[in-house]
Structure formats: structure tokens, C-alpha cells
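Inspection log for the structure reproduced underneath, given as C-alpha cells.
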Amino acid sequence: MGAGGGGDEEGEGGTAGSFIYSFVARGTMVLAEYTEFTGNFPEIAVQCLQKLPSSNSRFTYACDHHSFNFLVEDGYAYCVVVKESVGKQICMAFLERLKVDFKKRYGGGRADTALAKSLNKKFGPVIKEHMQYVIEHADELIKLLKVKAQVSEVKSIMLENVEKAVDRGQKIGDLAEKATDLRCQAQDFKKKGGQVRRKMWLQTMKVKLVVLVVLLLLVLIVWVTVCQGFDCTK
């Protein structure tokens, strides 16, 4: 495979035919790599690596019937180059296995000061083992990935239903709160209505008393006028 186009890769058995090249890098520095092929895959992969953002992410680049797959996490990049016939899910499953194994062996800062390709001797064979495992168990991994995808889909549906239920609960809560407010307003209205009725009754009684007093005064005045005093027996 040429730097920008085609070429030949020569296999030495084992993983020949699908998984071509893989590495683990800190930033843009390759710490460990493995391949059974000759070619310029490492150069192209490093060129792609230098263009990747430093944030956690996943990327796939296609070049000359091959795909360059990257998993970037916590400042480390995991790469695998495969033929285009290999599915992206299988590539990511391989990179996840590679990442977990690398962190298990070199986590906690043990690889933070490692020099370029200084881990080749110890971790290179480990990369080969993961390649062989993924190739030999590809069908199982595909089934597992499908199950995980289904679980993820079910989880998403459940979360969506929970959110809807919570939203409905909030709406019910809002209605209950409004009902409580209306009930309080009704009680206040009833209380104020009672106060108004009592006030009107008192005012009515006052008017009646005033009228009664006026009538009594008129009767008294007529009595005094007719009788020329309080005694009408004279």
C-alpha cells in the first residue's frame, strides 16, 4: 500500500487477510505497535493520528480499500488498520479490548513517561493476541454487539418512557397544585361572602332600628301634639 494509493502487503500468516496493523500511542507518540505486513501503513496511520482531536472520540478513515480506525481516550490513541471488508463494529470491539488491556497493564501513569516504541517488546505480542482472538471469535463478537445494541435500544426506550412518566407526573402535580389553589380561593371567597352577608345583615338591622326609632318618635310627637302633653285623659 502506497502513501497515497495502492501497493502490496505481504502476510506472514496468523492474522493475514483482515487485520493489518495496530498501535497504541500517547498523544502522537506510538508506544507499541504490531503488524505482520510490510508497507507504509504505520506512516499513514501516524499521519491520521496527527490530525485527530485530543478529546475522547472515535474516528474511521478510508484509504485504498482499507479503513484506519481510531479510539481516543484520556490522552491515549488506539488504532487498527483493516481491510474494508471488516465491519466497523468489529474494529471498535477490538480497540475496546486493546484499550482495557493496556489500561490494566499500564494504567495509573505507568505509561506517561514511556519513550517511542519502548513498549513494543512487551505489548506488541499482546496486540497480536487480541487480533487473533477477534478474528477467531468474530461471529461471537458480532452477536454480542447485536445484543448490546438491543439492550442499549431497550434502555433508551425505558429512559424515554420514564421521562414521559415524570413529565406526566409533573403535569398531574401542576393540576393538583392548581386544584389546591382553586380550593383555597373558593374557601377564601366563601369566607369573604359570609363576612359580606353578615355586614349586610348588620347594615339592614341598623336601618330597621333607625326606621323603628323614627316611627316611635313620630308617634310620640303626634301623641304629644294631640294630647298637648303625655296625658290624654284630661
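The values are calculated or read from the model by the stated rules, or taken from the named source; none is laboratory data. This structure is a prediction, so every number in the text was calculated from the model and none was measured. No Cβ is skipped: glycine too gets one built from the backbone with ideal geometry, and neighbour counts run over all protein chains shown.
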**Study point:** Residue count for the stretch 47-87, restricted to those that are touching a residue at least 60 places away in the same chain (Cβ under 8 Å), closer than 22 Å to Leu144 by Cα and not in a strand (DSSP E or B)
**Key:** 2
Practice item. Among the candidates Ile90, Ile44, single out the residue that is part of a helix (DSSP H, G or I), touching a Cys at 6+ places or on another chain (Cβ under 9 Å) and surrounded by 16 or more Cβ atoms within 10 Å (Cβ to Cβ). Key: Ile44
Practice item. Filter the stretch 95-113 for residues that are in contact (Cβ under 8 Å) with a residue 40 or more places away in the chain and over 19 Å from Phe70 (Cβ atoms) and give the result. Key: Asp112
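Phe68: surrounded by 13 or more Cβ atoms within 10 Å (Cβ to Cβ), over 24 Å from Gln132 (Cβ atoms) and assigned by TED's automatic domain parsing to the domain that holds Val30, yes or no?
Working: surrounded by 13 or more Cβ atoms within 10 Å (Cβ to Cβ): yes; over 24 Å from Gln132 (Cβ atoms): no; assigned by TED's automatic domain parsing to the domain that holds Val30: yes.
The answer is no for Phe68.
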Study note, to complete from the structure: Per the list (1) surrounded by 11 or more Cβ atoms within 10 Å (Cβ to Cβ); (2) at pLDDT below 95; (3) not polar (S, T, N, Q), residue check on Lys164 breaks on (1)
Check your understanding: Hey, any hits in the stretch 51-70 for a residue that's aliphatic (A, V, I, L, M) and touching a helix residue (DSSP H, G or I) at 6+ places or on another chain (Cβ under 7 Å)?
Key -> no
Study note, to complete from the structure: Those residues of the stretch 99-150 which are more than 26 Å from Pro42 (Cα to Cα) and either surrounded by 15 or more Cβ atoms within 10 Å (Cβ to Cβ) or modelled with pLDDT of 90 or more (or both) amount to Leu141, Leu145
